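So the structure is just underneath, and the comments pick up after that.
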Amino acid sequence: MFSFCTDPASLEGLQWLSCYLTTGKHMSMYWAFGTVLLLLAITAPTALAFGFAGASAARSGIAPLRWIGKTYIAVVRGIPDIAFFLFFVIALDQAFEYIRHRIKCPDWDEPIRQGNDFIVCTAAKLPLGNAPQWVHETYGFMLAVLTFAIVFGAFAANVLFGAMRAVPKGQLETAEAYGMNRRQTFWRVLVPQMWVYALPGLSNLWMVLIKATPLLFLLGVEDIVYWARELGGAKQPQFTDYPHPDWRMWYFAALLVFYLCFTKLSEVVLSRIMARLTHGQATAAGEAQRKAAA
Amino acid sequence: MKNLILTTAALAVAGSMTFADGHSVVRLGTEGAYPPFNFLNDDGEVDGFEREVGDEICARAELTCEWVTNEWDSIIPNLVSGNYDVIIAGMSITDERDEVIDFSDNYTQPDASAYLATSADVDLESAVIAAQTGTIQAAFIASTGATLLEFATPDETIAAVKAGEADAVLADESYLLPIAEADSEVTLLDQKELLGGGVGLGVRESDGELRETLNAAIASMKADGSLNALIAKWEVGEQF
């Protein structure tokens, strides 16, 4: 990075540190912060969408839809995350490839499963075997987003399901009395009012999601915890220009600060959202807001 | 319209024919945390003995290769499900693994496994011994009277010994030697264990053709002494 970094062994103090902290490997770690933030930014709304769909399905009037919603919530919440991440992602990837295989190679006559191996024709590989590495990484990242969204969507669905039930029944009855049909009542009365009941549960989920990103490495996406472990581990002089003993403590301390700042920021934002949602609601907090304003 | 569909279908079939010729790109999966076999250098790229061996094998077999890192725990499942084509991660050839995947010929001699401890007087019969999960060393300790303490990465096994959590760590000697040299707190014990059948490349059982290609390249590297030169350079055990 800097011009004086050509011979790190001769450097000391701050100069050494500035060279050390700007190696290609450290740059990868700084990138990983971006990866994690991007993952959260994409996963949170996706998971919320899954949750909303799950909750709406679970309280649907149509029985099969209701069964699907309830099964989704029960099954995904019941499976340990780590098992889900190890098994489900490989299964999902194979399902995609299997579908592509059926479409792209209809005259393939060998079995797909040969012993332990899962074999589809080369054209059905996802991404294609000769695709550049960044395509593979993006694909892995998308699988990660989808898996996170499905897992956290199930929890969100349960929260939203509860929140939908918490909306006072009088509100819904009034809506019906005004002649709204089921759909109108749902979208115009129930949904706008349920968020205030859902937010505490959803904010919990958000906090858990922030800290669940190390599961990314199970999917081959290198996150910040992976890099902290890799960079902090003792390095022998044969293998690096910057030998050092076990420094994982310092790297994890840096992560601790990052996570604490991030959760603090989240809390500030969430409490603002809460204040907005409470406005005009028939809850104790809403009442307090009204009195304070009056 | 029908013509259009037929043409696309024909093109798709023709396309898959050319692809089906074999692997246009061979993806090499490694752990990147086990020097001197494989590790990430300061630039964050895969480096080490296996990097050089792998690149040379690919050059000789005229394959285009791409390096991928994957966690040790899931390195075999990801191979069989096709996320990469070759495991090149200091993986010793054992019967258990051979049931799930196929191995190429070994490109290192069976390397002695050594014990690293903070003091020389460890009673290996009753000690707590650390090893990386899913390694031949972990399997070996499980079969002795000692207590096995497993960790996901090789690095953590060393940290456990230094923290006093384990009495010793059992791993490949070529991995432990640089650590013992660099760190005065830990020493290698005199006792060695001979485990495994050398390190080989892992490929899917259905990938016989690729395995033959790799074997031919390894054989030619053995024949002209270039493999021995790399073994000497990276100090990964005996020569061929």
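For chain B, modelled as a GNM whose springs connect Cα atoms under 10 angstrom apart, the maximal fluctuation among B:103, B:140, B:49 occurs at B:140. Between the C-alpha center of the stretch B:45-69 and that of the stretch B:179-206 there is a gap of 21 Å. Antiparallel DSSP bridges in chain B: what percent, to the nearest 5? In chain B, DSSP labels about 55 percent of beta bridges as antiparallel.
Label zone of residue A:178 (point 7 Å out along Cα→Cβ, amide N under 17 Å): in the stretch A:277-294 this covers A:280-282. The calculated FRET efficiency for residue A:291 paired with residue A:171, based on their beta-carbon distance and R0 = 22 Å, is about 0.60.
Placing unit charges on each Cβ (+1 for Lys and Arg, -1 for Asp and Glu) gives the protein assembly as shown a dipole about its Cα centre, and among A:238, A:213, A:131 the Cα reaching farthest toward its positive end belongs to A:213. A Förster radius of 30 Å, combined with the Cβ-Cβ distance separating residue A:116 from residue A:77, puts the computed FRET efficiency at roughly 0.50. Could you tell me whether the stretch A:1-135 comes out rounded, prolate or oblate from its Cα gyration tensor? Rule is a ≥ b ≥ c as square roots of the eigenvalues, rounded for a/c under 1.5, then prolate if a/b exceeds b/c, otherwise oblate. Judged from the Cα gyration tensor, the stretch A:1-135 comes out oblate (a/c at least 1.5, b/c at or above a/b). Ignoring lysines fewer than eight residues from residue A:235 along the same chain, the ones with Cα atoms less than 25 angstrom from its Cα are A:25, B:162, B:192, B:233.
Tell me whether chain A comes out rounded, prolate or oblate; compute the Cα gyration tensor, take square roots of the eigenvalues as a ≥ b ≥ c, and use a/c under 1.5 as the rounded threshold. Oblate is the answer for chain A, as a/c is 1.5 or above yet b/c matches or exceeds a/b.
Report the net charge of residues surrounding residue A:33, where surrounding means a beta-carbon distance below 12 angstrom and charges are Lys +1, Arg +1, Asp -1, Glu -1.
That works out to -2.
The loop-placed chymotrypsin sites (Phe, Trp or Tyr not before Pro) in the stretch A:173-225, going by DSSP, that have at most 12 neighbouring Cβ atoms within 10 Å of their Cβ come out as A:178. Taking a ≥ b ≥ c as the square roots of the eigenvalues of the Cα gyration tensor, an a/c ratio of 1.5 or more together with a/b no larger than b/c marks the stretch A:111-262 as oblate. Please report, in debye to the nearest 20, how large the charge dipole of the protein assembly as shown is about its Cα centre when each Lys and Arg carries +1 at its beta carbon and each Asp and Glu carries -1 there. The dipole magnitude comes to about 4900 debye. Along the axis of the charge dipole computed for the stretch A:238-294 (Cβ charges of +1 for Lys and Arg, -1 for Asp and Glu, origin at the Cα centre), the listed residues A:262, A:281, A:247 are led at the positive end by A:281.
Each Lys or Arg adds one and each Asp or Glu subtracts one; over the other residues with Cβ under 15 Å from the Cβ of residue A:136, this totals -4.
With pairing defined as another cysteine C-beta under 4.7 Å, the cysteines of the protein assembly as shown that fail it are A:261. For the stretch A:162-187, the residues whose backbone nitrogen is under 12 Å from a point 7 Å from the Cα of residue A:59, taken along Cα to Cβ, are A:162-173, A:185-187.
Annotation note: trypsin sites (Lys or Arg not before Pro) in the stretch B:136-240 located in DSSP loop regions with a Cβ neighbour count of at most 13 within 10 Å are absent.
Bear in mind that the values in this text are calculations on the coordinates, not laboratory data. Predicted model only: the values in this text are computed from it and were never measured. Ideal geometry is used to build each Cβ from the backbone, glycine not excepted, and the neighbour counts take in all protein chains shown.
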